[in-house]
Amino acid sequence: MPGSDAAAGAELPLAGCRVVERSRTPAAAYAGRLLAAMGADVLMLEPAAGSPLRAAPPLLAGGMPVSALFAYLAAGKRSRVCELPSPGGHEALHAALADADILIDDTPVAEREACGLAPPALARRFPKLVHVSVLPFGDSGPKRDWQAEELNLLHASGEGFLLPNGLSNERFPERAPLKIYGHFAGYQGGCMAALAALSAWWALPAAGGQHVDVSVQDAALAVGAFALQRLGDGSLEHRATRRFRYGGVFQAADGFIELLTLEDRQWDGLVDLLGRPDWSADPALRDPLERSRRGDEINHRVREWMRQHRVDDIVRRAQELGVPAAKYRSPADVVHGAHERARGLFAPAALPDGRPAEVLLAPFQFRASPLALARGVPALDESRQAVPETAR
């Protein structure tokens, strides 16, 4: 593996991998964050005023203003000022890239040449570099110069056309299209960029350095692959009609539950969960197609039962019976949950002013090499060397 000689005996999967990140969007920053979580040394190149993400709301209370979004996206990374375009900035960029394996970059196409970030020029100067560009609509095609915020990307991917659906649409049929909370599309783009970076890096011995073009719209569009498949079959899904034939979101006595039974064994478990009521004994319901046709009737029965029971009791019994069911949990439930604590999902990460904080470590874990943040949230320009001596 490239860089493995520098990581002899290291535990984390990407120890020895050197990443330079120049980001102004959550998508590119999240790609770097995922690589940092796996042990890569990620150096953020920021303008003199700092990354725009440092001021992104919401801001954490107490002490100096710190963006909660930036704290999560920057945890485990280093920071160095690199003002582009400027002679000093170009020098700092080249110094950082001299020892880098991967560059993650979301510089708009129109600004690349002036900033020294045009892919052909970088490929000539750094032939072994994996350059991953992360742009709203990619760096080719008619929309290559378009800018977009999260709301634009969510609707450009089709999710806005499909939300809200199910119970939400039934209860609020006149509600306008919804935006998924946070940076759903940006995180999808960042995940795709991280995977693309690793694929190109691992192919380095055979293919050499590569430029990888990532479109955030494409990444978010891939989430709705089933809706696209149905479109190919001639079915246009819409928020008013897109729902499970039976199942979905149900209101219990003290909260909400998501329930979905796709297999016969799961249907049998659901019937047991409901106490095998008389209506479930209808022989016709052994046929999954008949269950689909009678989905509204089944959902009506399930809703009546759900309203009489508590969420935790339902979920615990459902898990025992092999019924896919999950509780809709508040942020506090997640942060303080026994399951999350047992799995070590959160890690300490000091803020730039020294205040202690906790961030989600990663959306995954490795049993053989438990993940850990190498450092906290960096202050602007806290690292003035492109690569630490220990990583050379």
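Provide the gained length on full extension for the span Asp272 to His94, in nm with one decimal, where the gain is 0.36 nm per separating residue minus the Cα-Cα distance.
Residue separation times 0.36 nm, minus the Cα-Cα distance, leaves 57.6 nm.
The H on the amide N of His211, modeled in the peptide plane, is under 5 Å from the matching H of His131, each at least 5 residues off or on a different chain.
Since only Gly89, Gly62, Pro119 are under comparison, the one whose Cα sits farthest along the positive direction of the charge dipole of the range 41-131, derived from C-beta charges on Lys, Arg, Asp and Glu, is Gly62.
Spin-label model, Glu320/Leu228: points 7 Å from Cα along the beta carbon direction are separated by 4.3 nm.
Residues considered: Val334, Val20, Val81. Largest GNM mean-square fluctuation over the chain, using C-alpha springs under 10 Å, is found at Val334.
For the pair Lys179 and Glu149, the difference between a 0.36 nm per residue extended length and the Cα-Cα distance amounts to 9.6 nm.
Full extension of the segment from Glu113 to Ala372, taken as 0.36 nm per residue of separation minus the current Cα-Cα distance, would add 89.5 nm.
In a DSSP loop and with at most 13 other Cβ atoms within 10 Å, the chymotrypsin sites (Phe, Trp or Tyr not before Pro) in the range 138-247 are Tyr181.
A simple spin-label model places the labels of Ala48 and Ala284 7.6 nm from each other, with each point 7 Å out along Cα-to-Cβ.
Put simply, the amide H of Ser23, placed in the peptide plane, has neighbours under 5 Å in Leu45, leaving out anything fewer than 5 places away on its chain.
Each residue, Arg125 and Ser330, gets one label point 7 Å from its Cα in the Cβ direction; the gap between the two is 5.2 nm. Which loop-located GluC sites (Glu not before Pro) does the range 218-326 contain, where loop means any DSSP state but H, G, I, E or B and the Cβ has at most 14 other Cβ atoms within 10 Å? Hits after loop and neighbour filter: Glu263. Taking a label point 7 Å from the Cα of Glu11 along the Cα→Cβ vector, which residues of the range 351-371 have an amide N closer than 13 Å to it? Inside the label zone: 366-371. Projecting the Cα atoms of Leu259, Gly182, Ala197 onto the charge dipole of the chain (Cβ charges, centred on the Cα centre) puts Leu259 farthest toward the positive pole.
Here the relative contact order of the range 256-327, from alpha carbon pairs under 8 Å that lie six or more residues apart, stands at 58 percent. The range 257-284 and the range 27-66 have Cα centres separated by 47 Å. Based on C-alpha pairs under 8 angstrom that are at least 6 apart in sequence, the chain has a relative contact order of 20 percent. Charging the Cβ of each Asp and Glu at -1 and of each Lys and Arg at +1, and nothing else, the dipole of the chain about its Cα centre rounds to 260 debye. For the range 251-386, relative contact order (Cα pairs under 8 Å, six or more residues apart, normalised by length) works out to 26 percent. What FRET efficiency do you get for Arg355 and Ala207 if R0 is 51 Å and r is their Cβ-Cβ distance, rounded to the nearest 0.05? Working from the Cβ atoms, E equals 0.70.
Considering only Gly269, Asn299, Trp279, and ranking their Cα positions along the charge dipole of the range 256-327 that arises from unit charges at the beta-carbon of Lys, Arg, Asp and Glu, the one farthest toward the positive end is Asn299.
Within the listed set Gly376, Gly141, Gly76, the residue fluctuating most in the Gaussian network model of the chain (springs between alpha-carbon atoms under 10 angstrom) is Gly141.
Please arrange Asp218, Asp287 by counting, for each residue, the other beta carbons lying within 10 Å of its beta carbon, fewest first.
Values: Asp218 16, Asp287 12.
Going from sparsest to densest Cβ surroundings: Asp287, Asp218.
Every number here is computed from the coordinates shown, using simple stated rules; none is lab data. None of these values were measured; they are calculated from a predicted model. Using ideal geometry, Cβ is built from the backbone for each residue, glycine included, and neighbour counts are taken over all protein chains shown.
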